[in-house]
1. What number of residues within the stretch 438-497 satisfy the criterion of being touching a Cys at 6+ places or on another chain (Cβ under 6 Å) and touching a residue at least 40 places away in the same chain (Cβ under 8 Å)?
2. Does residue 267 satisfy being outside any helix (DSSP H, G or I), within 12 Å of the ligand (Cβ to nearest atom) and either without any contact (Cβ under 8 Å) to a residue 40 or more places away in the chain or touching a Leu at 6+ places or on another chain (Cβ under 9 Å) (or both)?
3. Tell me which residues, restricted to the stretch 301-312, are within 16 Å of the ligand (Cβ to nearest atom) and open to solvent by less than 10 Å² (accessible area, probe 1.4 Å).
4. Taking the criterion of being within 16 Å of the ligand (Cβ to nearest atom) and free of Cβ contacts under 8 Å to residues at least 60 places away in the same chain, would at least one residue in the stretch 353-376 satisfy it?
5. Any idea which residue in the stretch 338-378 is farthest from residue 494 (Cα to Cα), counting only those that are in a loop (DSSP other than H, G, I, E, B) and open to solvent by less than 10 Å² (accessible area, probe 1.4 Å)?
6. Tell me which of these residue 23 doesn't satisfy, since it passes every other one: (1) open to solvent by 60 Å² or more (accessible area, probe 1.4 Å); (2) closer than 30 Å to residue 224 by Cβ; (3) out of contact with any Phe, Trp or Tyr (no Cβ under 8 Å at 6 or more places or on another chain).
7. Of (1) closer than 30 Å to residue 82 by Cβ; (2) outside any helix (DSSP H, G or I), residue 217 satisfies all except one. Which?
8. Would you mind telling me which numbered condition in (1) touching a helix residue (DSSP H, G or I) at 6+ places or on another chain (Cβ under 9 Å); (2) open to solvent by less than 40 Å² (accessible area, probe 1.4 Å); (3) assigned to a helix (DSSP H, G or I) residue 73 fails?
Amino acid sequence: MKTFEDYRNHLKKIADINNASALLNWDQETYMPKQGARFRAQQLATLAGISHNLATSKEFGDLLRALNEDTSLSDFQRRNVAETLKEYKKNQKFDAHFVQQLTLAISDAFQAWNRAKAASDFAQFAPALEKLVLLKKQQAAIAGYDEHPYDALIDDFEPGTTTSQLTELFNDVKDQLVGFVKHIAQADQPDDSFLYKPYPKDKQWEFGLHLLRQMGYNFEAGRQDISAHPFTTNFSCEDVRVTTRINENNFNEMTWSCIHEGGHALYEQGLLAENYGLPAGNYLSLAIHESQSRLWENNVGRGLNYWKANYEHLQNEFTENLSAVSVNDFYVAINKVKPNPIRTSADELTYHFHVLIRFEIEKALMEGSVTVNDLPSLWNRKYKDYLGIEVPSDDQGVLQDIHWSHGSFGYFPTYSLGSFYAVQFYNQASSDLPGLEQEIEQGNMQPLLNWLRENIHQHGRLYTANELCERVTGEPLNFSHFMRYANEKYTDIYQLKASIIP
Ligand code: ZN
């Protein structure tokens, strides 16, 4: 193995194995019969082992180091090689024993979390979580970090982002958004009861497909199915699948999960087939992925012009529920701000308090300034402080999310980062495309999709998130864009007397 082509071929092989795993995972979440679970777990473990061996072999490391010194490579080639070498070096730090210990601890924690959640009893999760937190601290120590152990964990999801950057960002969220939402809470609340009338399953399904088609999701290179938790997965940029779920008594669930997953899927469909397996053929980071889903979900899908394009169709499908509701009233209702203990049902603004709380807790856990046993009371106190609500029980509180049982510490912040990037990207698209809002009002999403393809999707992991953001918008991530957007939109919706942001 000597050339860039050897490197590319090796990565293709690894991608083939990983994509085969992804297909088995997709099947597991959608159509696999119950009894398939035991051997499926074994099959996935076998493939994970093969992929790990290919990615960490000594020969591959030698090739990467040689290519990294090769001055004849193009800029594109060099960036790809550097990215893979970085991953390779990181993987090399963890011996098989540690990886095995962590895998076992995660498997135990996941089972304990399931039991604890069903019983709504955190104590049943605590011992397994404690073990996992200890291993995550070890992981941070092995991986290494400059300032904060949490930096090393964030790096798995959002490379280059540090605890101190996030602390600064979430301080802004605390200083600016908490007060703004309290202001909104005092205003008259819109009626959204019509969103919770009966919406028959089949009609919702058809409407969801219509929205996906309108966004530009390519059904020749994907499909939609039902699963318990909506997700997007892909086996190449030419087979990108989404799932949704339908609640017949809640219009919101399917609609926004459809648009959200559609946004993720458009990103994956927009990667270039010729870069299959290369970093350039992979999504950049979780926050950038989330910026694509949030941009469609919130900036487009919760906008008035989007519903000017789609509301008549919707009214015709659900005449009984909506014939007396104007498009303006509908728009106001879908943007109602209401603190809720559950993150995944939060509105566009209070959502970030859910993330803020998890960020503060994870950071404190990694510092050792709080212990696992403190978590339920700490959690409930923060929900009272930031959202003004009482958490009714552990299953609707500290046990609600699966992430910690997977050992995914450092994941949550990417959700908020994604929303903040989304606003900044959308603002840039609006200034690059002066007729954008009129096109959306006509149901024409193509100009926006083309803009995203050109500026974001096609580059894959060729740049860091910061580099991409600067290339696209001329500056790094800047929370003031989100705050200005929130202020304008919700001041209008709630007709607040004065905006609170200068
Ligand atoms: Zn998402």
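1. Here the count works out to 1.
2. Taking the combined requirement at face value, the residue does not satisfy it.
3. 301 - this is the single residue of the stretch 301-312 that is within 16 Å of the ligand (Cβ to nearest atom) and open to solvent by less than 10 Å² (accessible area, probe 1.4 Å).
4. Checked the stretch 353-376: at least one residue is within 16 Å of the ligand (Cβ to nearest atom) and free of Cβ contacts under 8 Å to residues at least 60 places away in the same chain.
5. 350
6. (3)
7. Result: residue 217 passes all but (1).
8. The one condition residue 73 does not meet is (3).
The values are calculated or read from the model by the stated rules, or taken from the named source; none is laboratory data. Bear in mind the structure is a predicted one, so any value in this text is a computation, not a measurement. Every residue, glycine among them, receives a Cβ derived from its backbone with ideal geometry; neighbour counts consider all protein chains shown. Quick note on the areas: whole protein, heavy atoms, side chains included, nothing else; ligands and nucleic acids left out. Shrake-Rupley method; radii C 1.70, N 1.55, O 1.52, S 1.80 Å.
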